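As structure tokens, the structure follows; a few thoughts come after it.
Nothing in this text is a laboratory measurement; each read-out follows from the coordinates by a stated rule. Since we're looking at a predicted model, the values are computed, not measured. Cβ coordinates were reconstructed from backbone atoms using ideal geometry, including for glycine residues, and neighbour counts include every protein chain displayed.
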Amino acid sequence: MKLSRKLFLSIFITSLIVCSFITAYTFVELKKSHQNEFQSKYTAISNGITSNILQFEEMMKTIMEATAFHVEETIKSKGMISNKELSDISKLFSVSGMGIANSKGEFVRNTNKKFSTDKINLFSLCKEYKNFFVKNLKIVETPIMPSRITNKTYKFLVKSILSGRYVLNMGSQTFFLGEAFKNILSFNPKLNGMALYTASGKKMAEQKSEEFKNRVLSDTQGNDVFIKIIPTKNGRTCCECKEKGLMDAKGDYYYKLVLNVSRDNLKQKIITSAQVSSVLFLALVFISFILSQRLSKLLISEIDHINSGLKNIMSTNDLNYRFNESGSKEINQLENNLNKMVKSLKNYQKEQIHIERERGIAESNRQIAHDIRSPLSALSILVKATKGLPDETRGIIQSVTQRIEGIANKLLSRSDELQKQQTTLVSNAVTRPVVIAQRLKEVVEEKIMQISVASNIELNLTIEPEAQLTFSKIDAIELYRIMSNIINNSTDSMSGQGQVLVHLEANKIHNIISIQDNGSGISKTHLPFVFGKEATFNKLQGTGLGLYHAKALIESWGGQIYIESKQGVGTEVVIEIPITRKPSWYVSQIVLKNISTVVVIDDNEEIFKAWQLKLKHCSVDLKYFSSPDEDLDELRKLNSLGPEVLYLVDYEFDNSKLNGIKIIEQLEIKDKSILVTGASNNLEVLEYCDQTGLRYLYKGQIETIEIV
């Protein structure tokens, strides 16, 4: 399959997935919106019905209170009224029925002809009504409820009259419920029906549509049922509600409004949403198809341009070719990287030419030195064998011979130096976490020994406290060479006397090495070119590869090197190398909690004395073994003491086949041991510690290591 087709399919399939998500999300949101609208509409209707019921209830209470006042005033003015007069007042105020009961609960007057006064007693309706006569109870209002006699729905008001001698019991039938339900159904054709129930589930009012009259309101097939609980004022204290068994299992009385609503309209809206989403999906697919074609063609044209440029480079070997970086942002970045790669190849090509040239010079130097030495040896032998040669002549010949031999040696030395630098340039350095301070101490100590013999140059090293134990991921050997070369540069710039100061500090990100001298300095003209291949640094002779090589290596470690110099004043070289996390084997402190015995295994007694001095204030038993071959059995016995023993083991032992790692392995004491060695650059040891987790301590740290 062609790349253009693959690219098109990749873009188009990705677009299809995105379109699918967009369409699905749109449909889900539309569906959710319709469902919320449906829910909100019938919740609002339920709330409206609830509000109407409570308002009607309040109005009925007001009417019955006014009726009770009128009855009491009539009796006060005329005396006890007849059943007919009571009935007339009931009709006047549109109250469904009234009765007047005495202190025995007997109804002495009643508007209901069917009401049997000898069977129905006020106290049989609610025993607590006796409190009207016993505890001076004034008035009781009941919620809407079914009547015990007629089974119709009423609201009752019971009131003490005539100074507590009689009680007026009246009820008003809730005709409004049926009418209200009927009107609501007529304005909401999707309402199948509605009903009002007591807390116990007894029906008080119901209205259904013609299509739903033979079905129950709890039927959810194609419908939704909305249930709203309507609290009442005195639902928990209603005595009649309790006597009539109208409360729920928890002893509370409330109204339960039930609405049954058809989902047909909601279903139709959801179907419409699905159709709209399908049309949207098809439109998005079409747009994606067109855009995918155009985008794939655009990308292919840009890739073809890059491919054409690469073919041109390969066919002509023209490393001066540059891509024009005229496409999209990503293609621009790719072309920019390709330009960098071509530039690197060109630099590499120059480097290889330079290396080959230097290799030729080295070989020529070696051959010239060889060619000079052969006749020179013969000449020396001939001079020694010639008899009668004047001493003055013999001295001149020997002096000239020595000078020629010195030139040959110098050519040979120059050849070796060039080959060494070439090898270094092309080598692949192994990087690992290294304590920079330790490496600097090693190189400075060696340089001090070399310098002090032949000159009055002073070399000093200062290390800030925060940089004593910071790590950087580098090649320790290469850092050693870089530092050695830079210090050599500094000393070469002096006339046998001066000062070189090496300083190490650290911030949160970098180890910062400074090499400062008061030598001859570098001119402003030459300073910008000190990192070039052909540059030499304050030296009359040299290949110019030292700083070039140093810069390449330091940058490969993620760091940087820069130089500040003033001719006649001196030079400062600053190296910044990123700090890396401490390796797993690194020991920042020795914890002696729960340690009773410390065992030092080292063939150098001075190291044991150093540990004695370090641990003199610690409450531990310090033991010393210098011959691991002879002491192995004794060490095994100590191992039986358990985890309370700490082993400090040297790596190298003179006159022994064992090293520290083998001793630790044979005794099986890795978790209780620290390898203490001066072999800080031993890659084999560091790799072993990395892989096994064996703790490692450089002997130079004994004096500074923290004891806890």
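Quick look at the numbers
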{"item": "For region 595-658, the spread of Cα positions along each principal axis, largest first, Å", "result": "34, 27, 14"}
{"item": "J(HN,Hα) series, region 524-530, from Karplus relation 6.51 cos²θ - 1.76 cosθ + 1.60, nearest Hz, glycine and proline x", "result": "4, 5, 8, 4, x, 10, 5"}
{"item": "5 angstrom amide H check on Y647, placed H, neighbours 5+ away", "result": "V599, S673, I674"}
{"item": "Estimated Rh, region 1-76: Kirkwood, alpha-carbon pairs, angstrom", "result": "18.7"}
{"item": "Full-stretch length increase - D219, N121 - with 0.36 nm per residue and alpha-carbon distance subtracted", "result": "31.1 nm"}
{"item": "Label-point gap, in nm, between L319 and K609 - each point 7 angstrom along Cα→Cβ", "result": "6.0"}
{"item": "Debye, to nearest 20: dipole size of region 43-103, +1 on Lys, Arg Cβ, -1 on Asp, Glu Cβ", "result": "160"}
{"item": "Cα→Cβ-extended label distance, 7 Å offset, between A66 and S308, nm", "result": "9.9"}
{"item": "Convex hull volume per residue in cubic angstrom - Cα atoms of region 180-249", "result": "113"}
{"item": "Placed amide H near V108: partners under 5 Å, 5+ positions off or other chain", "result": "I100, A101, N102"}
{"item": "Listed peptides 57-67, 468-478 by packing density, highest first (mean Cβ within 10 Å)", "result": "468-478, 57-67"}
{"item": "Residues K566 and Q468, FRET efficiency given R0 of 25 Å [Cβ-Cβ distance, rounded to 0.05]", "result": "0.20"}
{"item": "Anisotropy class of region 23-128 from Cα gyration tensor, a/c 1.5 cut", "result": "prolate"}
{"item": "Residues whose placed amide H lies under 5 Å from that of R236, excluding near-sequence neighbours", "result": "Y253"}
{"item": "Sites T26 and L3, calculated FRET efficiency, Cβ-Cβ separation with R0 35 Å, nearest 0.05", "result": "0.55"}
{"item": "Formal net charge of residues neighbouring S277 (Cβ-Cβ distance under 14 Å; K, R +1; D, E -1)", "result": "+2"}
